[in-house]
1. Is there a residue being in contact with a helix residue (DSSP H, G or I) (Cβ under 9 Å, 6 or more places away or on another chain), part of a helix (DSSP H, G or I) and buried (at least 22 other Cβ atoms within 10 Å of the Cβ) anywhere in the range 143-165?
2. Specify the residue that is modelled with the highest pLDDT; the eligible residues are those in the range 218-228 that are part of a loop (DSSP other than H, G, I, E, B) and either crowded, with 16+ Cβ neighbours inside 10 Å or among the charged types (D, E, K, R) (or both).
3. Going by the structure shown, is Asp140 modelled with pLDDT under 95 and within 18 Å of Trp13 (Cβ to Cβ)?
4. Taking only pairs six or more apart or across chains, which ones have beta-carbon atoms under 6 Å, a first residue in the range 86-103 that is more than 13 Å from Met43 (Cβ to Cβ), and a second residue that is crowded, with 17+ Cβ neighbours inside 10 Å and among the aromatic types (Phe, Trp, Tyr)?
5. Out of the residues in the range 94-138 that are under 13 Å from Thr78 (Cα atoms) and part of a strand (DSSP E or B), which is nearest to the chain's Cα centre (by Cα)?
6. Here is a list of conditions, (1) surrounded by 13 or more Cβ atoms within 10 Å (Cβ to Cβ); (2) on the phi > 0 side of the Ramachandran plot; (3) small (Gly, Ala, Ser); (4) at pLDDT below 95, and Ala215 meets all of them except one; can you say which number that is?
7. Considering Asp114, Asp140, Asp124, which residue is surrounded by 18 or more Cβ atoms within 10 Å (Cβ to Cβ) and among the acidic types (Asp, Glu)?
8. Return the residues of the range 33-68 that are over 18 Å from Thr214 (Cα atoms) and touching a residue at least 40 places away in the same chain (Cβ under 8 Å); say none if nothing qualifies.
Amino acid sequence: MADKIIQIADSFWNIRGSFKLGGLVDIGTQSSLVRLKSGNFVMLDSYTFDDKVRAEVMKLTDNGAKLEAILNLHPFHTIHVKNMAEIFPNAKLYGTARHINKAPTLNWESIHTDSMDMYELYKDDFIFSVPKGVELIPEDEKLHFSSVLVIHKETRTLHVDDTLTWLDLPLVGGLSFHPTLSKVLEEREGAADEFQRWANELIEQCQNVDHLCTAHGKTLKMESKDDLAIAVHIKQALDRVQKTLDKHRKKHG
């Protein structure tokens with residue numbers, strides 16, 4: 001899969017990259033470049049793009065001078081963090097606790113991307129959302145469900161990593177919650193209800209969202225009024241996990 005940069009809207013560029021499972025199956029990955037109201041830029045997630053994409057990013061950001069921060073959003077997407085920090089040494093570096101533990105020598109900011117302080121810092125440009133009722137950083141490192149979801153207000157774009165994925169498959173394709181949901185729901189009373197409330201809140205927040213960028217899948221843009229709304233896609237994804245949530249409720253309450 002060749003790297004490419006897709007302009008989603010006037011201030012939002014989604015960078016599609018390559019990630020191969022077991023070195024064979026390319027499921028793709030992403031980062032997104034976003035221009036803030038201030039005129040500066042931030043990068044959502046890290047990726048080591050090829051020379052062509054890098055040249056485009058450098059052109060947009062005045063050779064990196066206007067890139068003020070890199071926000072690493074998925075605790076288990078850590079492969080490209082060091083390279084991104086080297087490419088943009090003057091950008092402030094943010095991440096979750098696992099990012100910092102994996103690359104402790106980097107110059108990390110004290111604010112974590114899954115914290116309320118981060119939401120406050122960029123409240124004029126973004127809405128941040130972290131799934132409730134599930135583990136953000138589970139001990140089992142194969143469970144990649146949770147991540148920090150980001151809505152860019154100006155361009156009405158949702159950037160999401162593994163939490164929501166898009167499959168181009170007949171009958172079973174479309175937008176879905178990551179299949180590890182049953183394994184990351186916290187083993188306690190009320191966890192399924194908390195997840196349900198969080199998902200419904202996300203659906204409400206996405207009522208005005210027109211564009212979707214998923215790490216493993218594709219970008220989705222509403223090109224006409226006939227296209228299914230992003231909020232509807234998420235509602236359908238939530239409907240499909242009701243059996244998983246009900247099973248958890250029966251066991252834990």
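The values are calculated or read from the model by the stated rules, or taken from the named source; none is laboratory data. What you are looking at is a predicted structure, and each value in this text was computed from that prediction instead of being measured. Neighbour counts are summed over all protein chains in view; Cβ atoms, including those assigned to glycine, are modelled from backbone coordinates with ideal geometry.
1. no
2. Asp227
3. no
4. From residues that are more than 13 Å from Met43 (Cβ to Cβ), the pairs are Ile100/Trp108.
5. Here the answer is Gly95.
6. With respect to (1) surrounded by 13 or more Cβ atoms within 10 Å (Cβ to Cβ); (2) on the phi > 0 side of the Ramachandran plot; (3) small (Gly, Ala, Ser); (4) at pLDDT below 95, Ala215 is out only on (2).
7. Among Asp114, Asp140, Asp124, only Asp114 is surrounded by 18 or more Cβ atoms within 10 Å (Cβ to Cβ) and among the acidic types (Asp, Glu).
8. Leu36, Lys37, Asp50, Lys52, Val53, Glu56, Val57, Leu60
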